[in-house]
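S.K.: Quick one: structure below, then a few questions.
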Ligand code: NIG
Ligand code: FE
């Protein structure tokens, strides 16, 4: 084997390296989870260049370099791909703790929305916030997500609901693409979240503004377009008209579908070739067959069920129909104020019928598919070096030991956070010295 280029990062003494693909696998109904015991992983820049059993590391020849690589000793603990949160409403101001209490006193989510609360209440706080305030709020949340092992975050607009405010939210999301120390942000335009109060008398005019003015203006800045297809938000026809235009403009598509009622959104997602259909709590069997046939990823959001005290979506049923299942937080101020994807893994196992390998695939490989990202979610040479470093010797503690943070650090694009302490024991095996 020819010498590999000089490494910039070496992680050794990994107790279990979960590659989420490849040989040495734990099978599951939704794919195999590759696992290498006593492993090492080597990166150059933002890419992985080698991984395998620790015992083989000394046999690999690396070209020498003036600059020694950073070394991390994983202490015999677990390393997985960085977690991918494929559905969040990252950027907003204010909170809705009061509504949370009202719901526990008996009011429903839709009743509160009809009274002018809910999404409209966050809209008012978000419109009043400056760009700088929104950046600061999003940064804190991204730091919290990173601390819990997340290295890629989808971020929706949808709390501005006028041209200027939606653009501000999108600009905040795009801003973080340039910050290499934080999770990578994938921006989604969700102008069709609800019809804002000033358009209630003429909702068709709002749909036209989103479709004919904002979508063309934001093309190229948002990777995805999403619509909340729901009786209290946008009808099936409105959703079709917005998403068909988005598709022509080059957006990938997502839908909030079948969350509070059966809307037909899942079948529409299949018809339009959406990348994912999200929520799916009320999806019927035929809906799931459509999603499976079209290869649409089902993104399930158990934090909403926990918060709203509603039944959990049945992940086993999706899997039985052949739908790929991802799990995400849905981080937002109304239905899931939680940055921690580990918690969704625990809920997925406890309440949704997922096995541990399936739940891990749902926040790595299948979550990457829900964002149409082919360079992450599994570990192999050539892929991004995005990792979660866990404080557990075996991965079977994940989901079992819950409600605490089991992650001690991450690597994002080959850069450790928190930064690795300097260790200078690396002696590259230059080809000439062998
Ligand atoms: O995914 N369903 C619509 N949007 C969010 C809720 C947003 C909110 O209540 O602020 C969701 O659950
Ligand atoms: Fe959502």
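The values are calculated or read from the model by the stated rules, or taken from the named source; none is laboratory data. Source: prediction; values computed, not measured. All Cβ positions, even for glycine, are placed from backbone atoms using ideal geometry, and neighbour counts span all protein chains on display.
S.K.: Here are some conditions: (1) in contact with a helix residue (DSSP H, G or I) (Cβ under 8 Å, 6 or more places away or on another chain); (2) within 21 Å of residue 377 (Cβ to Cβ); (3) modelled with pLDDT under 95. Residue 34 meets all but one. Which one does it not meet?
M.R.: Unmet condition: (1).
S.K.: Now, a different point. Only one residue in 41, 51, 83, 90 is more than 16 Å from ligand 2 (Cβ to nearest atom) and within 30 Å of residue 316 (Cβ to Cβ), so which one is that?
M.R.: 83
Residue by residue, here is whether (1) assigned by TED's automatic domain parsing to the domain that holds residue 94; (2) assigned to a loop (DSSP other than H, G, I, E, B); (3) away from ligand 1 (no atom under 16 Å from the Cβ); (4) touching a residue at least 24 places away in the same chain (Cβ under 8 Å) holds:
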{"site": "322", "(1), (2), (3), (4)": "yes, yes, yes, yes"}
{"site": "339", "(1), (2), (3), (4)": "yes, yes, no, yes"}
{"site": "349", "(1), (2), (3), (4)": "yes, no, yes, yes"}
{"site": "389", "(1), (2), (3), (4)": "no, no, yes, yes"}
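S.K.: Given the conditions (1) within 30 Å of residue 162 (Cβ to Cβ); (2) over 25 Å from the mean Cα position of the chain (by Cα); (3) surrounded by 22 or more Cβ atoms within 10 Å (Cβ to Cβ), report the number of the one that residue 62 does not fulfil.
M.R.: That leaves (1) as the condition not met.
S.K.: Need at least 2 residues that are within 18 Å of the chain's Cα centre (by Cα) and either touching a residue at least 60 places away in the same chain (Cβ under 8 Å) or within 15 Å of ligand 2 (Cβ to nearest atom) (or both) per element, so show me which helices (runs of 4 or more DSSP H) inside region 231-315 make the cut, counting only ones lying wholly within it.
M.R.: 302-308
S.K.: Working only within region 319-338, note down all residues that are within 16 Å of ligand 2 (Cβ to nearest atom) and surrounded by fewer than 24 Cβ atoms within 10 Å (Cβ to Cβ).
M.R.: Of everything in region 319-338, those that are within 16 Å of ligand 2 (Cβ to nearest atom) and surrounded by fewer than 24 Cβ atoms within 10 Å (Cβ to Cβ) turn out to be 333, 337, 338.
S.K.: Let me ask you something else. When you look at residue 151, is it touching a residue at least 24 places away in the same chain (Cβ under 8 Å), under 23 Å from residue 243 (Cβ atoms) and part of a strand (DSSP E or B), yes or no?
M.R.: Against the criterion (touching a residue at least 24 places away in the same chain (Cβ under 8 Å), under 23 Å from residue 243 (Cβ atoms) and part of a strand (DSSP E or B)), residue 151 does not qualify.
S.K.: Another question about this same structure. Does residue 227 meet the test of being crowded, with 23+ Cβ neighbours inside 10 Å, in contact (Cβ under 8 Å) with a residue 24 or more places away in the chain and over 21 Å from the mean Cα position of the chain (by Cα)?
M.R.: So residue 227 fails the test.
S.K.: Checking residue 404 against (1) assigned by TED's automatic domain parsing to the domain that holds residue 51; (2) assigned to a helix (DSSP H, G or I); (3) farther than 22 Å from residue 39 by Cβ: exactly one of these is not met. Which one?
M.R.: Of the numbered conditions (1) assigned by TED's automatic domain parsing to the domain that holds residue 51; (2) assigned to a helix (DSSP H, G or I); (3) farther than 22 Å from residue 39 by Cβ, the odd one out for residue 404 is (2).
S.K.: Let me ask something additional. Within region 37-90, count every residue that is within 16 Å of ligand 1 (Cβ to nearest atom) and assigned to a strand (DSSP E or B).
M.R.: 2
S.K.: Also: So residue 330 passes all but one of these: (1) out of contact with any helix residue (DSSP H, G or I) (no Cβ under 7 Å at 6 or more places or on another chain); (2) within 26 Å of residue 250 (Cβ to Cβ); (3) in contact (Cβ under 8 Å) with a residue 40 or more places away in the chain. Which condition number does it fail?
M.R.: Residue 330 satisfies every listed condition except (1).
S.K.: Quick check on residue 100: is it buried (at least 18 other Cβ atoms within 10 Å of the Cβ), in contact (Cβ under 8 Å) with a residue 24 or more places away in the chain and over 16 Å from the mean Cα position of the chain (by Cα)?
M.R.: No.
S.K.: Can I ask one more? For region 95-143, list the helices (runs of 4 or more DSSP H) that sit wholly inside it and hold at least 3 residues that are away from ligand 1 (no atom under 14 Å from the Cβ) and in the same structural domain as residue 158 (by TED's automatic domain parsing); which are they?
M.R.: Of the helices (runs of 4 or more DSSP H) lying wholly inside region 95-143, none has at least 3 residues that are away from ligand 1 (no atom under 14 Å from the Cβ) and in the same structural domain as residue 158 (by TED's automatic domain parsing).
S.K.: Can you confirm whether residue 201 is surrounded by fewer than 14 Cβ atoms within 10 Å (Cβ to Cβ), modelled with pLDDT of 95 or more and farther than 21 Å from residue 135 by Cβ?
M.R.: It is true that residue 201 is surrounded by fewer than 14 Cβ atoms within 10 Å (Cβ to Cβ), modelled with pLDDT of 95 or more and farther than 21 Å from residue 135 by Cβ.
S.K.: Also: Is it true that residue 161 is on the phi > 0 side of the Ramachandran plot and without any contact (Cβ under 8 Å) to a residue 60 or more places away in the chain?
M.R.: yes
S.K.: Still on this structure, please answer the following. Scan region 188-211 for residues that are within 28 Å of the chain's Cα centre (by Cα) and more than 16 Å from ligand 1 (Cβ to nearest atom) and report the count.
M.R.: Number of matching residues: 2.
S.K.: For the structure I just gave you, tell me whether residue 161 is touching a strand residue (DSSP E or B) at 6+ places or on another chain (Cβ under 9 Å) and crowded, with 16+ Cβ neighbours inside 10 Å.
M.R.: When the stated conditions are applied, residue 161 passes them.
S.K.: Checking the conditions here, which among 247, 240, 221 is over 25 Å from residue 289 (Cβ atoms), more than 15 Å from ligand 1 (Cβ to nearest atom) and either at pLDDT 95 or above or touching a helix residue (DSSP H, G or I) at 6+ places or on another chain (Cβ under 7 Å) (or both)?
M.R.: Of the residues listed, the single one that is over 25 Å from residue 289 (Cβ atoms), more than 15 Å from ligand 1 (Cβ to nearest atom) and either at pLDDT 95 or above or touching a helix residue (DSSP H, G or I) at 6+ places or on another chain (Cβ under 7 Å) (or both) is 221.
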